[in-house]
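For reference, the structure is listed below as structure tokens.
Each value in this text was obtained by applying a stated rule to the coordinates, not by laboratory testing. Remember, it's a predicted structure, so these values are computed and weren't measured experimentally. Neighbour counts are summed over all protein chains in view; Cβ atoms, including those assigned to glycine, are modelled from backbone coordinates with ideal geometry.
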Amino acid sequence: MTGSGFQYTGDLGEEPLPEILRTIHHYRVPGVVTATSGDVVKKIYLMGGNVIFATSSDLRDSLGAYLKQSAVISSAELRLSVDRIDASQGKRHGELLVEMGVLTPEVLRQIVTEQVKAILYSVFSWEKGSVTFEVGDFRKDELIQLDVPTPQVIADGIRLLPDPRRVVLRLGPSWTVFDRGEVSAEASGVSWNAAELKLLSLVDGRRTLRDFITAGPGDVSTNAKLVYAFWVLHLVTRRDVNTSGIKRIQWKTSSG
């Protein structure tokens, strides 16, 4: 990210989305994060340090697909609403559904919020693709916005990761030791539950990554993701370990 234009380009294969979002959040500027993997493009819109919206080019992420999957409306109602889109003079799908009496404005707001979150959190599991960040005021006309603090989005997205193995690799070897970071749990912008705060309390500059993952209040997978969230959000810092000696020992052992 440059100091003048706040332009950012990243590679999800080298740096996962949570770490990219944390870097962008540091500058507190409005803009759009565009993540591209193959033919799929997903965008995350930021305003005032909060995530306000997300979009996807994947038809499987559309409102119609989400409604069909969640069985909120019938297949016949969905087909009828889709048929009316072309003749609606630019009206949105959700707006048409409300006009048809299929959904109330309150139910539409709830569904769109869930749909946008599903799009947003799906990018957290991408292991390859490109990311760009462009500064500007985007999607200000959206009637339904998330308005969720970016640190909370980061924590929630990490919690929902289906597989923690990649993030564990980001934390270092099993003997890595962690210290308390520059950010407190209270100032992190995240709502942590009691079990998560208990895991954080174990950070004392002596316990290792293995200790946290195996002895924490949750299961191994949950603990690993939480330690990663703490690290990304600067609640903990990773103490660098010189492994050159270990490598030499391993080399001598294998060579007999």
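Once every Cα of region 30-133 carries one equal point scatterer and solvent is ignored, give the base-10 log of I(q)/I(0) from the Debye formula at q = 0.11, 0.21, 0.22, 0.24 Å⁻¹, two decimals.
Evaluating at q = 0.11, 0.21, 0.22, 0.24 Å⁻¹ gives log10 I(q)/I(0) of -0.39, -1.12, -1.17, -1.27.
Which residue fluctuates the most in the chain, going by a Gaussian network model with Cα springs under 10 Å, if the choices are G157, G101, G48?
Among G157, G101, G48, the largest GNM mean-square fluctuation belongs to G101.
For region 163-239, with the dipole built from +1 on Lys and Arg beta-carbon atoms and -1 on Asp and Glu ones, taken about the Cα centre, which of V168, G218, G205 lies farthest toward the positive end?
Ranked along the dipole, the leading option is V168.
Quick one: check the C-alpha center-to-center distance for region 81-130 versus region 135-206, whole angstrom.
If we compute the Cα centre of each part, the gap is 27 Å.
Using 5 Å bins from zero, what percent of all Cα-Cα pairs in region 163-239 falls into each bin?
3, 18, 32, 28, 16, 3
If you take all C-alpha pairs in region 136-198, what percent of them are over 19 Å apart?
Every Cα pair in region 136-198 considered, those over 19 Å come to 54 percent.
I need the semi-axes of the equivalent ellipsoid of region 74-135: take the C-alpha gyration tensor, multiply each eigenvalue by 5, square-root it, list largest first in whole angstrom.
Each semi-axis is the square root of five times an eigenvalue, giving 29, 14, 12 Å.
Tell me, Kirkwood radius of the chain from alpha-carbon pair distances, in Å?
20.5 Å
When only Cα pairs under 8 Å and 6 or more residues apart are kept, what is the percent relative contact order across region 59-118?
Relative contact order for region 59-118 comes out at 31 percent.
Please report the projected area of region 99-206's Cα convex hull averaged over all directions, in nm².
That works out to 10.6 nm², a quarter of the Cα hull's surface.
DSSP loop GluC sites (Glu not before Pro) in region 96-142 with at most 13 other Cβ atoms within 10 Å of their Cβ, which ones?
Within region 96-142, the qualifying GluC sites (Glu not before Pro) (loop, at most 13 other Cβ atoms within 10 Å) are E127.
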